[in-house]
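As structure tokens, the structure follows; a few thoughts come after it.
The values are calculated or read from the model by the stated rules, or taken from the named source; none is laboratory data. Here the structure is a predicted model, which is why all the values come from computation and not from measurement. Virtual Cβ from ideal backbone geometry, glycine too; neighbours counted across all protein chains shown.
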Amino acid sequence: MGLPRVGDHAPEFSAKGYFQGTVKDYSLSGLGGKWLVLFFYPADFTFICPTEVTGFSKLATAFADESATILGVSVDSIDTHSSWAAELGGLEYPLLSDEDRRLSQAYGVLDEAEAVAFRATFIVNPAGLISYEVVSHVNVGRSVEETLRVLKALRTDRLCPSDWHPGEATGDVALKY
Amino acid sequence: MSLSEIQQKRQVIESRSRIREIVFGIQDGLISTVGLLSGVQGATENSLVVIVTGLTAMFSGAISMAAGSYLSAGAQKDIFEKEITEAEKMAEREPYIAAEGLLKALGDEGLTKEQSYRMVKTLLQERNVFLRTFREKVFGLGSADINQPLPAALVMGLSFIVGAVVPIVPYLIMSGVSAFYLSGLLGGLTLFGVGAFKGRLAGQSLWTAGLQFFLVAVGAAALGYLIGLIVQYFFPGVSVPA
């Protein structure tokens, strides 16, 4: 399945997730109309991924302040997620288990050759529409701060100029878009 | 098994890797000398000529084989070392990718992701240990010291002499066709013995290993003889100068 486009309805999903000692089902429709930051990463217990997994955790409060839920997804099992979260000193958001690769396939980010997800981030608005998506090469970690910046810009619901940062003016035609 | 036994085992493995030179040297020394002596014996009845020819061929052959072994082991060593250096440079330039490679290699061997991760994390704390494990596990570049050119050359040269002396000895004590037959017989027995010796080191059946060596070497000699017959058939005018 191809990558869904910005403006498309985000594919519905239901997957088990691990969060601070608890395992439960997470689904798009169960988010209760909140913003969603859904990020895919290749695997637990590797030396490249932890920086962004912990990066999202460090800024979890800032995302919560924007009324956003963060969900991390990889093809690892719940047990592996549990051990990995403990290894990283605890995480402030759930890690979903996509062992059957259905979630990665639905979002068009499954690397068929390696059978793991690409590094992909989606921001889904409260109406369930995709507002932002980015997929990067496995060698390049994504910017958590950029994701937060884009989320804040989207939440202004106004035109935001290039390199806009929270607190700066929006919607003014004199600004460079 | 104690720790010292394990360390001794490594030395045994390294020394037994010389079996390649031993087998090669003895087999080549033996077959080439048997062939040469039977040809010379056919051409002259003079035992002294046969012996001197045999000894000359033995020493020149041994030197040539030793030199070849020195160069080939050296070439292998040089390339091996270059590959090791490149593997280590790569691991230093891209430590995370190297760590990922090692993770995958350990996973392929049956460790869980978590076990592999903890192992690699520990190894990363000691740069040299990590680099050595990386090149061994990811590229299969081991560190057992088996590519020493000088010992390889010495073993090859001596083995060639051992192999070549066997078919010469009968000509020292007898002459003519009887020396020729005894030479061939001793040659065959020696080949069988080398095979059985290898079988003992490799923990195989002595008879099977001995017979394998005997048949392959004699088969090679027979094939050479057959080619000679074919050449004679197509070029009837060609004959070995007396």
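A few comments on the model shown:
- Hits in the range A:123-168 (condition: modelled with pLDDT of 90 or more, aliphatic (A, V, I, L, M) and part of a loop (DSSP other than H, G, I, E, B)): A:Ala127
- Some residue of the range B:85-95 being closer than 28 Å to A:Asp79 by Cα and in a helix (DSSP H, G or I): yes
- Qualifying positions in the range B:78-116 - more than 10 Å from every other protein chain (Cβ to nearest Cβ), more than 19 Å from B:Asn128 (Cβ to Cβ) and small (Gly, Ala, Ser): B:Gly110
- Considered as a group, the residues in the range A:129-152 that are within 14 Å of chain B (Cβ to nearest Cβ) and of a type outside the set (S, T, N, Q) include one that is surrounded by the most Cβ atoms within 10 Å (Cβ to Cβ), and that residue is A:Val138.
- Residue match in the range A:42-51 (condition: on the phi < 0 side of the Ramachandran plot and more than 12 Å from chain B (Cβ to nearest Cβ)): no
- Contact map, the range B:95-114: residues that are within 17 Å of A:Asp44 (Cβ to Cβ) paired with residues that are basic (Lys, Arg), Cβ distance under 7 Å, separation 6+ or inter-chain. Pairs shown: B:Leu102/B:Lys137; B:Leu106/B:Lys137; B:Gly107/B:Lys113.
- If the condition is being assigned to a helix (DSSP H, G or I) and among the charged types (D, E, K, R), then the range B:27-70 contributes only B:Asp28.
- Selection status of A:Val37, under 15 Å from the mean Cα position of the chain (by Cα) and either of a type in the set (Ser, Thr, Tyr) or away from chain B (no Cβ under 14 Å) (or both): yes
- A:Val73 being away from chain B (no Cβ under 14 Å) and out of contact with any helix residue (DSSP H, G or I) (no Cβ under 8 Å at 6 or more places or on another chain): no
- Any hit, the range B:227-236, residues being out of contact with any strand residue (DSSP E or B) (no Cβ under 7 Å at 6 or more places or on another chain) and surrounded by 20 or more Cβ atoms within 10 Å (Cβ to Cβ): no
- When A:Ser83, A:Ser77, A:Ser67 are screened for being polar (S, T, N, Q) and buried (at least 18 other Cβ atoms within 10 Å of the Cβ), only A:Ser83 passes.
- Residue within the range A:169-177 that is surrounded by fewer than 16 Cβ atoms within 10 Å (Cβ to Cβ), aromatic (Phe, Trp, Tyr) and at pLDDT below 85 present: yes
- Answer from A:Leu96, A:Leu103, A:Leu59 - the residue that is under 14 Å from the mean Cα position of the chain (by Cα) and over 23 Å from B:Gly107 (Cβ atoms): A:Leu59
- Flag if A:Gly7 is under 28 Å from B:Val120 (Cβ atoms), more than 14 Å from every other protein chain (Cβ to nearest Cβ) and in contact (Cβ under 8 Å) with a residue 12 or more places away in the chain: no
- Wholly within the range B:129-242, helices (runs of 4 or more DSSP H) carrying at least 2 residues that are under 16 Å from the mean Cα position of the chain (by Cα) and without any contact (Cβ under 8 Å) to a residue 60 or more places away in the chain: B:176-201, B:206-234
- Checking each residue in the range B:114-160 for being closer than 16 Å to B:Glu94 by Cα and either touching a strand residue (DSSP E or B) at 6+ places or on another chain (Cβ under 8 Å) or at pLDDT below 85 (or both) picks out only B:Phe139.
- Residue list for the range B:105-136, restricted to those being of a type outside the set (A, V, I, L, M, F, W, C) and exposed (fewer than 13 other Cβ atoms within 10 Å of the Cβ): B:Asp108, B:Glu109, B:Gly110, B:Thr122, B:Gln125, B:Glu126, B:Asn128
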